[in-house]
Structures are given as structure tokens and as C-alpha cells.
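**Student:** Could you have a look at this structure, given as C-alpha cells, before my questions?
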Amino acid sequence: MSDSRVHLPVVGQNADPETAAAPRRRHPEWIRAQLPTKPAYFELRAMVKELKLHTVCESASCPNIGECWTRRALTIMILGDICTRSCRFCDVTTGRPLPPDPDEPRRVAEMLGRLQLEHTVITCVDRDDLPDFGAAHWAETIRLVKEACPSMTLEILAGDFKGNTDLVDIVLAADPDVFAHNLETVPRLSRQVRVQASYPRSYKILEHARKQDAVTKTGLMLGLGETREEVEAVLTELAGLGVDIVTLGQYLSPSKQHLAIERYVHPTEFAELEAFAREAGITHVVSGPLVRSSYHADGQAALVRSLRTR
């Protein structure tokens, strides 16, 4: 993504070459992102560069980077910027990563200490090349951030640790305020969307974290070919599990090499699904076309504190 624009891809870019010359469809009017033009955005970008950190905002070409970074809200991505998995929706680079940087946790803590945020989200690339899939690095990062920012609530968006719940416990022992792991899509599409992941394994990780009394969160992308009934079935299942926070957002294809957008979900349907989720028993739902897992999470400090004292 360039420095001066938000990368909003168009539908159908991974169409058959014979139809590639057809006129591009524009995003509907409700898909509009704020361009990164304000000084706060550039100040935050400079700080990220100074401390040699990575953000999912940049690596995954998030359309909300202009809006969020202007509010000094960012999602730092640890364990490098090269992922060992090749999810077909994600713009993060796939390849052979470098060894984890042992100084990265300190730099993450330094940056968040400077920003003095009320709440932040940290995520990671998948590190299937590591024996513990990055659990120890996660734990060290959480500990140092909590020391540097004792009044800030910390949400982590972690991978599936290949279903190893002992590794999840290592991360939970460092005491993040929210443990998030995204299902991303409905069970029928899971293998197609997340090639090396599985819906049962992701569900197992969320279920385990919830049984450990962690505040749990997950998210789904819509527009990948799922049906309304499939989404409602997942929301009902998550309500039964006791997941605390759920996000629903529109999938936007980063490039022609990624999955195409099957349909644009209208804001009215997002509102209806939010109402359905709340009626099912999920009390904290963020649903809308531009919603991403960490979208407006910076305003959830009070909510997280209340959930931790339940």
C-alpha cells in the first residue's frame, strides 16, 4: 500500500483472464474509507518506522488505516511480517520468516508507552516454523506491555497454535485483557478461505480460552459466498459458547491473486445480523461493511474492564 492512499481493491480482480478486460465494478457507496492525510497519521507512521515495528494495518492493506491512525489507534503485528500460512483472503506476505527478534517485545512496549492509549490490539503472523508457534514471544510481549502501560487494556489477536491448548495457556498466563482469535468465515468455506487452518481447531481455541474465564472475541468476514443461514448458525454457536465480543465486516479482495468478492453485504443486513447476534445472547457486537477485528476497539476499554470483573 502506498503512503498516500488507502488500498480499496475492486471486485472480480481474480476473474478468469478471458473476462479480465471487462469494466471494473466500483465498490458501492457505503464502502468509503478516509484517506490518510492528517498530521497524526504521518506522526504515527514515523514512530512505527523509527522503532522498526510492523502493523497489520499496513501489511494487510486495511482500508481503515487513515481513520484509525489519525486517532493514534493501530494494531501492532509481532513475530515479524512474513507469515508461514497462505490464507486466500489475506495480504500479509507468505514465506519463510526470520527468527523472532528478541528485542521486539521491548520496542512494542516502548511505542505503546509513548502513545498512552486506553486500549490497544496486538496481533501476529502465524509462525508454524516455531516449536511453540510463538507462544513464548507472545507472553514476553504481553508482560512488557502491561508493565509499560499499567492503565491500558490489552487485546491480543492470536493464531490457533495448531490447536495446542497448553500453548494458549502460556499466553493467557501473561494476562491479556482480551483473547481474540478469528473464525473468519463459516465452516463450509473455512478450508477454502484459510488453507492451513480449520474451523474445529479455531473453535477449540476459543472454547478453551473461554473455559479459562478469558474475555473472548472473534470475527467473521462476509461476502465470501456464505449464506445468511450459515452466518446465523455460527452466531448461535458462539452465543452458546459464551464468546463476549463478535465483529462482522465486509470482505474486500486485496488483489487478483486473492479470493474474489462474491457479493457486497448491504448495511441493512449487517444491522439485521447484529440484532440477531444480540438476540442470540452475544451482548457486544460490532457489525458493518468496514468493520475489522480491531476496528474501533480502541474505544472499548470500559467494556473490557467490565467484562473482566463479571
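The values are calculated or read from the model by the stated rules, or taken from the named source; none is laboratory data. Computed from a predicted structure; not experimentally measured. When we count neighbours, we look across all protein chains shown, and the Cβ atoms used for this are built from the backbone with ideal geometry, even at glycine.
**Student:** Of all the residues that make up segment 201-247, how many are basic (Lys, Arg), over 19 Å from TYR264 (Cβ atoms) and touching a residue at least 40 places away in the same chain (Cβ under 8 Å)?
**Tutor:** 3
**Student:** Filter segment 277-310 down to the residues that are part of a helix (DSSP H, G or I) and hydroxyl-bearing (Ser, Thr, Tyr) and list them by number.
**Tutor:** Listed by number, the list holds a single entry, SER306.
**Student:** Condition first: within 25 Å of ARG310 (Cα to Cα) and modelled with pLDDT of 95 or more. Can you find one or more residues in segment 186-198 that meet it?
**Tutor:** Taking segment 186-198 as the starting set, the residues that turn out to be within 25 Å of ARG310 (Cα to Cα) are none.
No, the conditions are met nowhere in segment 186-198.
**Student:** Then there is this: Does segment 161-184 hold any residues that are surrounded by 24 or more Cβ atoms within 10 Å (Cβ to Cβ) and touching a residue at least 60 places away in the same chain (Cβ under 8 Å), and which are they?
**Tutor:** The answer is VAL178, ALA180.
Residue-wise test of (1) at pLDDT 80 or above; (2) acidic (Asp, Glu); (3) in a helix (DSSP H, G or I).
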residue: ARG5; (1), (2), (3): no, no, no
residue: GLN13; (1), (2), (3): no, no, no
residue: GLU18; (1), (2), (3): no, yes, yes
residue: LEU35; (1), (2), (3): no, no, no
residue: LEU44; (1), (2), (3): yes, no, yes
residue: PRO63; (1), (2), (3): no, no, no
residue: GLU67; (1), (2), (3): no, yes, yes
residue: MET77; (1), (2), (3): yes, no, no
residue: SER86; (1), (2), (3): yes, no, no
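**Student:** Let me ask something else. How many residues, within segment 86-115, are under 14 Å from THR75 (Cα atoms) and either within 15 Å of the chain's Cα centre (by Cα) or without any contact (Cβ under 8 Å) to a residue 40 or more places away in the chain (or both)?
**Tutor:** Summing the residues that are under 14 Å from THR75 (Cα atoms) and either within 15 Å of the chain's Cα centre (by Cα) or without any contact (Cβ under 8 Å) to a residue 40 or more places away in the chain (or both) in segment 86-115 gives 1.
**Student:** Going through segment 277-303 one residue at a time, which ones are modelled with pLDDT of 90 or more, of a type in the set (A, V, I, L, M, F, W, C) and within 29 Å of ARG26 (Cβ to Cβ)?
**Tutor:** Residues satisfying the conditions are VAL285, VAL286.
**Student:** Moving to a separate point now. Tell me, please, whether a residue that is over 18 Å from the mean Cα position of the chain (by Cα) and farther than 20 Å from ARG263 by Cα can be found in segment 179-195.
**Tutor:** No; the residues of segment 179-195 include none that is over 18 Å from the mean Cα position of the chain (by Cα) and farther than 20 Å from ARG263 by Cα.
**Student:** Return yes or no: is HIS284 surrounded by fewer than 21 Cβ atoms within 10 Å (Cβ to Cβ), within 21 Å of the chain's Cα centre (by Cα), of a type outside the set (D, E, K, R) and within 26 Å of GLN116 (Cα to Cα)? Spell out how you get there, then give the answer.
**Tutor:** Numbers: surrounded by fewer than 21 Cβ atoms within 10 Å (Cβ to Cβ): yes; within 21 Å of the chain's Cα centre (by Cα): yes; of a type outside the set (D, E, K, R): yes; within 26 Å of GLN116 (Cα to Cα): yes.
Yes; evaluated as a whole, the condition is true for this residue.
**Student:** Here are PRO105, PRO99: which of them is at pLDDT 85 or above and assigned to a loop (DSSP other than H, G, I, E, B)?
**Tutor:** Step by step, each of PRO105, PRO99 is checked, and only PRO99 is at pLDDT 85 or above and assigned to a loop (DSSP other than H, G, I, E, B).
**Student:** Pick out the one residue from LEU144, LEU98, LEU79, LEU53 that is touching a Gly at 6+ places or on another chain (Cβ under 9 Å), of a type in the set (A, V, I, L, M), over 23 Å from LEU303 (Cβ atoms) and surrounded by 18 or more Cβ atoms within 10 Å (Cβ to Cβ).
**Tutor:** LEU79
**Student:** In this structure, does ARG127 turn out to be in a loop (DSSP other than H, G, I, E, B), out of contact with any strand residue (DSSP E or B) (no Cβ under 6 Å at 6 or more places or on another chain), at pLDDT 95 or above and charged (D, E, K, R)?
**Tutor:** Spelling it out, ARG127 is indeed in a loop (DSSP other than H, G, I, E, B), out of contact with any strand residue (DSSP E or B) (no Cβ under 6 Å at 6 or more places or on another chain), at pLDDT 95 or above and charged (D, E, K, R).
**Student:** Let me ask you something else. Look through THR70, THR55 and report the one residue that is among the polar types (S, T, N, Q) and under 30 Å from LEU189 (Cβ atoms).
**Tutor:** Details: THR70 fails: under 30 Å from LEU189 (Cβ atoms).
Answer to the selection: THR55.
**Student:** Within the group LEU183, LEU117, LEU167, LEU157, which residue is under 27 Å from LYS49 (Cα atoms), hydrophobic (A, V, I, L, M, F, W, C) and in contact with a helix residue (DSSP H, G or I) (Cβ under 7 Å, 6 or more places away or on another chain)?
**Tutor:** The match here is LEU117.
**Student:** Would a scan of segment 262-276 turn up a residue that is surrounded by 20 or more Cβ atoms within 10 Å (Cβ to Cβ), of a type in the set (Phe, Trp, Tyr) and in a loop (DSSP other than H, G, I, E, B)?
**Tutor:** no
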